[in-house]
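Report on the structure given below.
The values are calculated or read from the model by the stated rules, or taken from the named source; none is laboratory data. Not measured: the values here are computed from a predicted model. Every residue, glycine as well, gets a Cβ built from its backbone with ideal geometry; the counts of neighbours run over all protein chains shown.
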Amino acid sequence: MHSTWSFAAGPGVASDIALYRGKLYSISGGGELFVHEFTSSEDVLTQHGSAKDHSCPVETVIDTSPPLDEENLREGYSWWSTLYLVVSCTGKLLMVRWRWHLPIFYWYRHWCADELSKKIKLDVFEADLEKRRWSEVKELGDQALFLGTSCSKALPLPVHANCIFFLGLNITDLCFEGIINGIGDCAYCVYDMKNDTFRFDNPVSIKREPLSFRCDTGLYQR
């Protein structure tokens, strides 16, 4: 069997991707949702005679971003957001918006857990593919969401119902010296949708190695 690579076109840079009902969906930094159609190598060769320069069609599913409470922003502040796609245990395509209320011109500083709880917000939306819009989700039921940089997962966990787990890197990457005052190098965070509360954890058993970056002039670590 002859295999080929196909270029997945799409406007801008994708913030996250998810496989849903056999199709690949991507989301932009602004919250627009796209679906990418992939064909087999045989179909490509049949239709085009060659797989060269073939790109996969992309369709805009939702072209409007979920609303942000911009009216409550202080002057000189904005929402810094990260978007995640995750398929729920009930088969819904969800988008989790992690956002932080920060100055437009932000300088790294020390943060404590109490401050972060007031500055960080998490919103959950369901993709309504028929009406082509985002619908806000107020509760997750008996499932918990786990958000990561390479993949995200929903699991049926009644003991952690309505909870969203996300990496501490979301926060410590924007903290001076990469730590939260009183906690240290935060490994993960938990948001309880029911109580609207955050918990920042740094288990002693979790040891993270520094990340290394290579370039032509040397090796860098953080």
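Annotations
- Qualifying residue in region 111-126 (condition: among the basic types (Lys, Arg), in the same structural domain as GLU177 (by TED's automatic domain parsing) and out of contact with any strand residue (DSSP E or B) (no Cβ under 7 Å at 6 or more places or on another chain)): yes
- Restricted to region 85-104, and to residues there that are over 17 Å from the mean Cα position of the chain (by Cα) and in a loop (DSSP other than H, G, I, E, B), the residue that is surrounded by the most Cβ atoms within 10 Å (Cβ to Cβ) is CYS89.
- Test: LEU174 is out of contact with any Ser or Thr (no Cβ under 9 Å at 6 or more places or on another chain) and in contact (Cβ under 8 Å) with a residue 60 or more places away in the chain: yes
- Put simply, of VAL44, VAL35, VAL61 the only residue that is modelled with pLDDT under 85, on the phi < 0 side of the Ramachandran plot and either not in a loop (DSSP other than H, G, I, E, B) or not assigned by TED's automatic domain parsing to the domain that holds GLU136 (or both) is VAL44.
- In the set (1) outside the structural domain of GLU126 (by TED's automatic domain parsing); (2) at pLDDT below 90, the condition left unmet by ARG74 is number (1).
- Qualifying position, being surrounded by fewer than 19 Cβ atoms within 10 Å (Cβ to Cβ) and free of Cβ contacts under 8 Å to residues at least 40 places away in the same chain, among LYS194, LYS119, LYS138: LYS119
- Boolean, THR82 is at pLDDT 85 or above, over 30 Å from LEU155 (Cβ atoms), of a type in the set (Val, Ile, Thr) and under 23 Å from the mean Cα position of the chain (by Cα): no
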